[in-house]
Amino acid sequence: MERELPFEPYRVKVVERIHRVPREQRERLLQEAEYNIFKVPSAAIYIDLLTDSGTGAMSDRQWAAMMTGDEAYAQSRSWEDFEATIRRVTGYRHVIPCHQGRAAENLLFGALLDERHVVPNNTHFDTTRANVEFRGAVALDCICDEGRDPQREAPFKGNMSIPKLEAAFARYGGRIPLVMMTITNNSGGGQPVSLANARAVAAVCRARGVPLFLDCARFAENAWFIKRRETGQAGRSIEEIAREFFAQADGCTMSAKKDALVNIGGFIALNDEAIAQKLAARLIIQEGFPTYGGLAGRDLAAVAEGLREVLDEEYLTYRIEQVARLGQRLDGYGVPYLKPAGGHAIYLDARAMLPHIPPAAFPGVSFTAALYLEAGVRACEIGSLMFEHLDPDTGKIVAPALELVRLAIPRRVYSNTQLDYVADACARVRDLGPRLRGLEIVWQPPALRHFLCRLRPLGGRSLIAV
Ligand SMILES: Cc1ncc(COP(=O)(O)O)c(C=O)c1O
């Protein structure tokens, strides 16, 4: 009998040599980076799972599209392809190109928000939260209850809680100018949102006359989960499901560095003409002329091709099941992670592995640093360092619900053998247990501190006790 997928639906045409530098060198580099993994040179990283954003491998067709990209300043052929493809995939009328997702957020929120406002989301991604808060507005997470429980298996843990959304409207009413919904829910574990939830959220927004925008960086992965997990969706194509999802909302912001399978790019797409005009006027000041928005013609061409390719169900099956396979290997070692496996990443439960390190001493950062030290693998903390914030009601600093370490899998890049190596390394670091020390911040910038802050192991001693 023929074996079923997932098989890689591609073969390798270009390779890039990577190196596993000696442990002593990793130790020195980690100290020089002041335990901030963002500052470790990429050349000294063996497997880089810092992010799935802009780190994917482009296809031969995308590279070909780049070679034939039209670099005209205005109305280029590449722009026409970009605009037409986004209109077809999303169904929205107006397309505003941006150089990446946070530029789209900056543009949209800059036009719609001020300090009186409150923005509900299932869970704000860090740049989304920062772009809301930068305007003095409040970013309010309304994730469903099952999304807060790392061990609970549920099909759509990215769903927005309708009671929480309704409570937000009851409380803040006219202060809510838009609702955002992140698909899949990155900060909540790469968990999908169901079509049923999107319809319910859209109904609440429509009843209040408030627009709903999708943060749709991983819309195709979300559609794949809907096809597999939601009743009545199995027979539909990814494109059909995605189209229906987009139809629930009034617009979207997109980091094309994820599901458009490119290294740079983004856009806003929406139906409202007045807002689109306002955005285009701001775009010219901030990003560039409305037919390129901070991107080269070849980048626009690669996004258009990537958006066509990502709708291929065989690709998505391979992609998402590769992540699930990494989860199964971790299960074999009993390494705890947020269940079920996310679409683009595994989120290790650092609090469960390192109960002796309190959130204020960053268990996720400790695990991440040790993973690099032990194996040359780069992961990303998604916990108190990234998401500690001020509670608008109490004025107190609150830790996020979970202390996670994200292993984000770049698209079409690493083999299963390499991911087996990662799972083995995670088990070894977990086994260090109480020998791992927490960290303290030596210096931090005012916003998005995880990118630039400097840390040291508590008391200035070594990260791993002998
Ligand atoms: C859900 C989500 N929204 C927005 C962004 C920001 O996109 P970019 O990194 O392209 O600015 C990201 C990036 O990681 C993301 O995952």
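Computed from the coordinates by the stated procedures, all read-outs in this text should not be read as laboratory data. Quick caveat, the model's predicted, so the values are computed rather than measured. Don't worry about glycine lacking a Cβ; one is built from the backbone with ideal geometry, like all the others, and counts go over all protein chains shown.
What to note about this one:
- Computed [θ] at 222 nm, helices only, for the chain once each DSSP H run of length n ≥ 4 contributes -39500 (n - 2.57): -12500 deg cm²/dmol
- Computed log₁₀ I(q)/I(0) - Debye formula, equal Cα scatterers, no solvent, the range 312-466, q 0.10, 0.14, 0.20 Å⁻¹: -0.37, -0.71, -1.25
- Placing +1 on each Lys and Arg Cβ and -1 on each Asp and Glu Cβ, with no other charges, gives the range 60-309 a dipole about its Cα centre of roughly 520 debye.
- In order through the range 452-458: 3J(HN,Hα) via Karplus (6.51 cos²θ - 1.76 cosθ + 1.60), integer Hz, x for Gly, Pro: 10, 5, 10, 10, 8, x, 3
- Between the residues Ser76, Pro340, Gly306, the greatest Cα displacement towards the positive end of the dipole of the chain, with unit charges on the Cβ of Lys, Arg, Asp and Glu, is found for Pro340.
- Calculated from backbone phi, Karplus (6.51, -1.76, 1.60) coupling profile of the range 175-187 in Hz, x at Gly/Pro: 7, 9, x, 7, 10, 10, 9, 9, 10, 5, 7, 4, 5
- Estimated Rh, the chain: Kirkwood, alpha-carbon pairs, angstrom: 22.6 Å
- On the principal axes of its alpha-carbon atoms, the range 243-392 has extents of 53, 44, 32 Å, going from largest to smallest.
- The Cα-based radius of gyration of the range 60-309, divided by its Kirkwood radius, gives an Rg/Rh of 0.96.
- Working ranking of peptides 369-381, 213-225, 444-456, 312-324 by packing, defined as the average number of other Cβ atoms within 10 Å per residue, highest first, is 213-225, 369-381, 312-324, 444-456.
- Of the GluC sites (Glu not before Pro) found in the range 76-165, the ones in coil according to DSSP and having at most 12 other Cβ atoms within 10 Å of their Cβ are Glu115, Glu153.
- Size of the range 376-466 as Cα extents on the principal axes (Å, biggest first): 47, 37, 23
- Amide H contacts under 5 Å for Tyr337: Asp349, restricted to partners 5 or more places along the chain or on a different chain, H placed in the peptide plane at 1.01 Å from N.
- Distance between the 7 Å Cα→Cβ label points at Asp145 and Lys13: 5.2 nm.
- Relative contact order of the range 60-309, pairs being alpha-carbon contacts under 8 Å that are 6 or more residues apart, as %: 32 percent
- All distinct Cα pairs of the range 65-182 go into the 1/r average, and the inverse of that average, the Kirkwood radius, is 16.7 Å.
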